[in-house]
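To keep things clear, I will list the structure first and then write my remarks on it.
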Amino acid sequence: MIDEKSTAESLGSTRTYGQVRCMNPSCTSRITPQPGQTMAKCPKCGSEWRIFWVKAGLPRVRGPVWETSLKMANAKWDTLTDKKEEK
Amino acid sequence: MALDRKLAVVDLTTGNIEIKPIPLDVRKKFLGGRGLAAYLLYKYVKPGCDPMGPENAVIFSAGPLGGTLASAGSRTDVMCKNPLTGLLGSGNMGGFFAPELRWAGFDHILVKGKADKPVYIWVHDGEVEIKDGKNVWGKTVTEAQWAVREELGDPDIKSAVCGPAAEKGVKYGNVMTGIKNANGRGGGGSVMGSKNLKMVAARGTMDIKIAHPMEALEFDKKYIEMITGAKVNQTMGTLGTPFIWGAANAWGGVRANNFQLNQLLYSDDIEPESLDEISNQTVGKYHMAACFGCQVHCRAKYRIPDRPLSQKLGMVGKYDEGPEYTSQNAFCGEPGCTKAETLLICNHLVNQYGVDNLEIGSLISWAMELYEKGILTSKDTGGIDLRFGNDEALIEMIHHICNRDTWLGDVLAEGGLAAAEKIGRDSLKYMIHVKGMNHLGSDERATPGLALNAAMASRGSDHLRSRPAIDLYHLPEQVLRRIYGSPVPYDGPLSPDQREYAGKAWMVFWQETCFMGVDCLGTCKYHTTFLGATLPNFEDWSKVLYYNTGLEMTPREMWDVAERCNLIERLFNIREGMKKDDPLKGEMLVDRYFDEPCRLGAPDVVGATLDRVKFEKMRAEFYQHKGCDEDGIPTPQTLSRLGLDTLDAEQPRL
Ligand code: SF4
Ligand SMILES: [Zn+2]
């Protein structure tokens, strides 16, 4: 009984290391920052993320690069509000 | 035996104390912890009673894994009828109280009635006493705990206490233990205060006999590897739970300026990495602590740093623990404040006053929006310039609410719905709540599954009842199928896209059952499928329960227990007036979720709102999964299947 692997335990093998996911919901591309790198740009959607290394091999998104994030958000907002005005 | 701990029923009006064994058939039906507490609440509290009156009960519960060899058997559940909502009040805290309660011979202490003067309850090696509370009443959360140790001459006493805010009748008072372990969201502290009960103090030397000790230890190796091997727990052991807020703020999933924005811009100073640096500087490299039996160590220690605001308020160097991500919500995102010292000061204040951080922060942020809109004026605020981003105003309001010493402080102390009635105009429209409880600081407009969780949570708007947080991880569908298809088969839709509606109702239902399971056992939610997909759940619990307690239950039987106990909570709420579409006590989100689009965040989040028709369909699916009718009422077949058809008629089983 002890030796049988449960579902949760066997899913451990699916873990990935050294990568973060782009946090733009339709993108979610995997990004592989170089060890120690503190900023990474998503190759697919262009979002830029600040990176923190919990330990070697375990990066996480600390936050967005604010200027880029704000610029992209404003651009998206403008397209949405423009569309409304056209209606 | 790990299962031989008892229930004590303490009547503070009469002074009568009854000690009762917990029969095995009751264990098999409700296990313990939150599940058995729900049964006790349902049976012991008179329908329709005044939550601040003697007919309400407050129940302190440990789970059967508390104090055993199982990982993180640390949790204390506290349940009552919540003075804030008039519905289920339920919270859960870590620390060291639950194991001590079990070593003192008890799993559950149910307190009813009202003492005619301040008292505390003293639980020790099979005995329960009511003691004069004059030395502990009026003290802060930590002072009270030190005082009882001194009074009884034992530095190892662990206590579950209410703070000065609850003594003053603030409706969202916590039960607290240690420096910052908080049983929030349920109003348990307020009910204690209403009963003149300052604390339950416990000390025990009654060993818990482990049923199969060698197997339990052997299994622990695997179990602990699952806990510590999870990336999320390695992150938490470094940055604590603030990493959650940091991640959500990165893409625009937090409330800011009450609910006007969904991201706190340029908030680098309160990001987890910055807070970690403050702990490093003020406490030292080894500044992460843990609850009983836990390997994660998610609790940071800190001292308030030497900065202008802390100096001005005389707070430099004060010690505390946390902050949790909930404090970042409450004292940063929602009021629009970006200074770490403000966060750390507010966190310290709420811990000492013993008040719910999420509720008080949300109420102040709501008041800030009302002030911005001219619904509250400086006359109402007593001259405080209650604008977003005003750190000092935020701190001042915490004092005024907890001391009830200004008009607005007193009004907000009663909770949002009561405050909206007093403030009038269209103030309620701006409050972000479910069932009268303010919503925590996340913004779910771009995540329908998480939004459904907030609407359905049994204790009011909340994330710790059924939030399928791994919905944010974009896990492959085959992984989702393995998780959500066990122990009950499921072959309906499941989508890795967090913006989808299809299949989310099942994920929320599964998560609700999982969270009740872990709360029945008395272990930590960070040790199960919540923030990580590879953490233990039903299959693993079945083993850990057997090795530690000898109780044989299949994963499916454990699922049934959890489903049953969730249904009792639902029945309690229905009995106390919950109706599906009631804007005050119902299972629906406020209009702003559907009408106001997200303004900030990742490009796909900008413009997001919830679709009302799809949301209601998702809610209907959730009711179906739970075996309820279209109004969310459990059907007779469901009640019979789960053995609850005689719940109303039967005498209490213990
Ligand atoms: S994960 Fe954190 S909250 Fe949970 S038991 Fe461990 S230290 Fe306590
Ligand atoms: Zn991207």
- Item | Qualifying position, being in the same structural domain as B:GLY586 (by TED's automatic domain parsing), touching a Phe, Trp or Tyr at 6+ places or on another chain (Cβ under 8 Å) and in a helix (DSSP H, G or I), among B:LEU464, B:LEU452 | B:LEU452
- Task: Test B:VAL434 against the criterion of being assigned by TED's automatic domain parsing to the domain that holds B:VAL254 and under 20 Å from the mean Cα position of the chain (by Cα), and give yes or no.
- Result: yes
- Test A:SER26 against the stated conditions and say whether it is more than 16 Å from ligand 1 (Cβ to nearest atom) and either at pLDDT 95 or above or within 22 Å of B:PRO603 (Cα to Cα) (or both). yes
- Hey, could you check the stretch A:36-54 for residues that are under 19 Å from B:VAL232 (Cα atoms) and away from ligand 2 (no atom under 16 Å from the Cβ) and say which is farthest from the other protein chains (Cβ to nearest Cβ)? A:TRP53
- Note on the structure: Flagged in the stretch B:313-332 as more than 20 Å from the chain's Cα centre (by Cα) and without any contact (Cβ under 8 Å) to a residue 60 or more places away in the chain, in numbering order, are B:GLY314, B:MET315, B:VAL316, B:GLY317, B:LYS318
- So B:THR177, is it within 16 Å of ligand 1 (Cβ to nearest atom), surrounded by 22 or more Cβ atoms within 10 Å (Cβ to Cβ) and without any contact (Cβ under 8 Å) to a residue 12 or more places away in the chain: no
- Message: Conditions first: (1) loosely packed, with under 13 Cβ neighbours inside 10 Å; (2) touching a residue at least 24 places away in the same chain (Cβ under 8 Å); (3) in contact with a Ser or Thr (Cβ under 9 Å, 6 or more places away or on another chain). A:TYR17 passes all but one, so which condition is the exception?
- Response: (3)
- Message: Cβ-Cβ under 8 Å, sequence separation 6+ or interchain: first residue in the stretch B:291-309 and not assigned by TED's automatic domain parsing to the domain that holds B:GLY67, partner more than 16 Å from ligand 2 (Cβ to nearest atom) and among the basic types (Lys, Arg). Which pairs?
- Response: B:CYS291/B:ARG75; B:CYS291/B:ARG299; B:ARG299/B:LYS180; B:ARG303/B:LYS318; B:ILE304/B:LYS318; B:ARG307/B:LYS339; B:LEU309/B:LYS339
- Message: Just to be sure I understand, how many residues within the stretch B:456-489 are away from chain A (no Cβ under 13 Å) and either of a type in the set (Asp, Glu) or at negative phi (or both)?
- Response: 13
- Note on the structure: Selection from the stretch B:386-396 of residues within 21 Å of B:LEU264 (Cα to Cα) and outside any loop (DSSP other than H, G, I, E, B) yields B:ASP391, B:GLU392, B:ALA393, B:LEU394, B:ILE395
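Answer yes if at least one residue in the stretch B:603-612 is part of a loop (DSSP other than H, G, I, E, B), within 14 Å of chain A (Cβ to nearest Cβ) and hydroxyl-bearing (Ser, Thr, Tyr), and no otherwise.
Yes, the stretch B:603-612 contains a residue that is part of a loop (DSSP other than H, G, I, E, B), within 14 Å of chain A (Cβ to nearest Cβ) and hydroxyl-bearing (Ser, Thr, Tyr).
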- Item | Candidates B:THR646, B:THR638, B:THR609, filtered to the one that is polar (S, T, N, Q), in contact (Cβ under 8 Å) with a residue 40 or more places away in the chain and over 19 Å from B:HIS439 (Cα atoms) | B:THR638
- Query: Within the stretch B:301-320, is even one residue assigned to a loop (DSSP other than H, G, I, E, B), more than 16 Å from ligand 1 (Cβ to nearest atom), surrounded by fewer than 22 Cβ atoms within 10 Å (Cβ to Cβ) and within 14 Å of chain A (Cβ to nearest Cβ)?
  - Reply: no
- Query: Applying the selection to the stretch B:288-300, what residues are charged (D, E, K, R) and either part of a loop (DSSP other than H, G, I, E, B) or within 16 Å of ligand 2 (Cβ to nearest atom) (or both)?
  - Reply: none
- Message: Looking at (1) buried (at least 19 other Cβ atoms within 10 Å of the Cβ); (2) part of a helix (DSSP H, G or I); (3) within 16 Å of ligand 1 (Cβ to nearest atom); (4) away from chain A (no Cβ under 11 Å), which one does B:ILE224 not meet, given that it meets all the others?
- Response: (1)
- Message: Out of everything in the stretch B:514-536 that is more than 11 Å from every other protein chain (Cβ to nearest Cβ) and small (Gly, Ala, Ser), what residue ends up being farthest from B:ASN92 (Cα to Cα)?
- Response: B:GLY517
- Check the stretch B:328-337 and report whether any residue there is among the polar types (S, T, N, Q), assigned to a helix (DSSP H, G or I) and touching a helix residue (DSSP H, G or I) at 6+ places or on another chain (Cβ under 6 Å). yes
- Message: Here is a list: B:GLU512, B:GLU539, B:GLU569, B:GLU552. Which entry is in a helix (DSSP H, G or I) and surrounded by fewer than 22 Cβ atoms within 10 Å (Cβ to Cβ)?
- Response: B:GLU539
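Applying the selection to the stretch A:55-87, what residues are buried (at least 18 other Cβ atoms within 10 Å of the Cβ) and at the interface with chain B (Cβ under 7 Å from one of its Cβ atoms)?
Narrowing the stretch A:55-87 to residues buried (at least 18 other Cβ atoms within 10 Å of the Cβ): A:59-64, A:69, A:72-73, A:76.
Passing the criteria: A:ARG60, A:VAL61, A:ARG62, A:GLY63, A:PRO64, A:MET72, A:ALA73, A:LYS76.
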- Query: Does B:ALA70 count as crowded, with 24+ Cβ neighbours inside 10 Å, in a loop (DSSP other than H, G, I, E, B), within 16 Å of ligand 1 (Cβ to nearest atom) and touching a residue at least 60 places away in the same chain (Cβ under 8 Å)?
  - Reply: yes
- Quick one: which residue in B:ASN280, B:ASN233 is in contact with a helix residue (DSSP H, G or I) (Cβ under 8 Å, 6 or more places away or on another chain), part of a helix (DSSP H, G or I), more than 9 Å from chain A (Cβ to nearest Cβ) and on the phi < 0 side of the Ramachandran plot? B:ASN233
- Query: Which one of these is more than 20 Å from the chain's Cα centre (by Cα), acidic (Asp, Glu) and within 27 Å of B:THR534 (Cα to Cα): B:GLU277, B:GLU271?
  - Reply: B:GLU271
- Determine which member of the set B:ASP116, B:ASP50 is free of Cβ contacts under 8 Å to residues at least 24 places away in the same chain, surrounded by fewer than 24 Cβ atoms within 10 Å (Cβ to Cβ) and not assigned by TED's automatic domain parsing to the domain that holds B:TYR546. B:ASP50
- Query: Which condition number in (1) touching a residue at least 60 places away in the same chain (Cβ under 8 Å); (2) in contact with an Asp or Glu (Cβ under 9 Å, 6 or more places away or on another chain) is the one that B:ILE210 fails?
  - Reply: (2)
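Scan the stretch B:140-158 for residues that are outside any helix (DSSP H, G or I) and in contact (Cβ under 8 Å) with a residue 40 or more places away in the chain and report the count.
5
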- Query: For the stretch B:241-276, which residues satisfy the criterion of being within 19 Å of B:HIS297 (Cβ to Cβ), more than 8 Å from chain A (Cβ to nearest Cβ), surrounded by fewer than 23 Cβ atoms within 10 Å (Cβ to Cβ) and not polar (S, T, N, Q)?
  - Reply: B:ASP276
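The values are calculated or read from the model by the stated rules, or taken from the named source; none is laboratory data. All figures in this text were calculated on a predicted structure; none of them were measured in a lab. When we count neighbours, we look across all protein chains shown, and the Cβ atoms used for this are built from the backbone with ideal geometry, even at glycine.
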